[in-house]
Amino acid sequence: MPKPFILALSLLPWIPAFLCRVTTMGEYSVLEGESLIVPCHYEPQYASYVKYWCQGRMREFCTSLARTDDTRSANPVEDKVSIFDDPVQLVFTVTMNNMKEGESGWYMCGVEVGGMWSADVVTFTNVKVIHGMSVVNSQVSGEEGSSVTVECLYSERYRESEKKWCRSGDWSSCVLTGSDGSYEDTSVAISDDRTRTFTITLKDLQLKDTAWYWCSAGQEKIAVHVVVTPRPSTTAVPTTSPPTPTQSDAHLPPPISITMESWNTHSHILETLVVCSCLILLVGMAILVRKLWKLHNPPYPEQDPVLGEVKFEKGRINNYSGDIGNSAVIFPNRRSQDVHIG
């Protein structure tokens, strides 16, 4: 059997991987202790196929974690790993709960095609489980005199660490939780639920409270921008009734609004006028240039009919006998009547 034919047969199982793809993001980052949700999109022809999620960088050595044909992997709240397929949206979703730093690595979304000559359709993604902090909203705003809430998230290893709230650039402004995980005064309250979230509530906001702050757990911290807007003015604005139209106003035609259509019509007329003006200007300039050229470049005698006639008549006179050197040749009704032959 020819070698090219054997090579073609060996490549057949890989053709679906290039033509029919499964797609997801190439990398995910998740805070330690939090949940990871990965959507895997596939082509319509695979709506009824089995989907799976496994850990590994190679298909042959990928450890299966969840499959759509396994009913035990269907609860995203209770299960460590769950998978759900939505054939209408052509996407299956994988949920991994309570992520640990040791679970970082390569994972694979796969569609099980099966068959001797067909390989599964897959895509890979790199999951990074990090420890540290994050914040639900990095900027919060509130009206003067109101309150705002900031939610700060921390990884599992900082569960028992003290939590702080500080104004950026002012270390003396820091307030921190006590042994019960809480703190409160007239302007700020902190509450740590010890489940990777602590909440800061800023009370009775003043305009001077607009600034950058940061929340901290252990040695980790993350910045938050607080914006306080002025309280709206309560001054009563006198209301006036709309003027009653007079009898003369009632007969006036309604104002003509400038619509896009009328504007386009006016634009076409303006363009036509501009083009015509340019053409007239060009013709006028051409005529002016021609006149100036004739003025500075008089024609040769052979090209001027008047000078030609003068030359002809002078030749005829020279053929006569006698002294007629001082004779004059007159051309009636010609532009060159004053031309004299010497």
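The values are calculated or read from the model by the stated rules, or taken from the named source; none is laboratory data. On a predicted model such as this, the values are computed, not experimentally measured, just so you know. Virtual Cβ from ideal backbone geometry, glycine too; neighbours counted across all protein chains shown. Each accessible area value is taken on the protein alone, full model and side chains, heavy atoms only, with ligands, DNA and RNA left out. Shrake-Rupley method; radii C 1.70, N 1.55, O 1.52, S 1.80 Å.
Annotations
- Length added when fully stretched, Ser138-Ser182, from 0.36 nm per residue minus Cα-Cα: 13.7 nm
- Probe 1.4 Å, protein heavy atoms only - accessible area per residue of segment 140-232 in square angstrom: 52
- Taking all Cα-Cα distances within segment 131-215, those exceeding 18 Å account for 40%.
- Applying 1/(1 + (r/R0)^6) with r as the Cβ-Cβ distance of Asp70 and Glu43 and R0 = 25 angstrom yields a FRET efficiency of 0.65.
- Full-stretch length increase - Cys174, Met58 - with 0.36 nm per residue and alpha-carbon distance subtracted: 36.8 nm
- Estimated inter-spin distance, Ser277 and Lys128, nm [label 7 Å along Cα→Cβ]: 6.2
- Convex hull of alpha carbon positions in segment 26-127: directionally averaged projected area 6.6 nm².
- The stretch between Asn98 and Thr234, if pulled fully straight at 0.36 nm per residue, gains 43.9 nm over its current Cα-Cα span.
- With both labels modelled 7 Å from their Cα along Cα-to-Cβ, the Lys203 to Leu295 distance reads 9.4 nm.
- Put simply, when 199-212, 82-95 are sorted by average Cβ atoms within 10 angstrom per residue, most first, you get 82-95, 199-212.
- Note on segment 35-189: Cα Rg divided by 2.2 N^0.38 Å, N the number of residues, gives 1.47.
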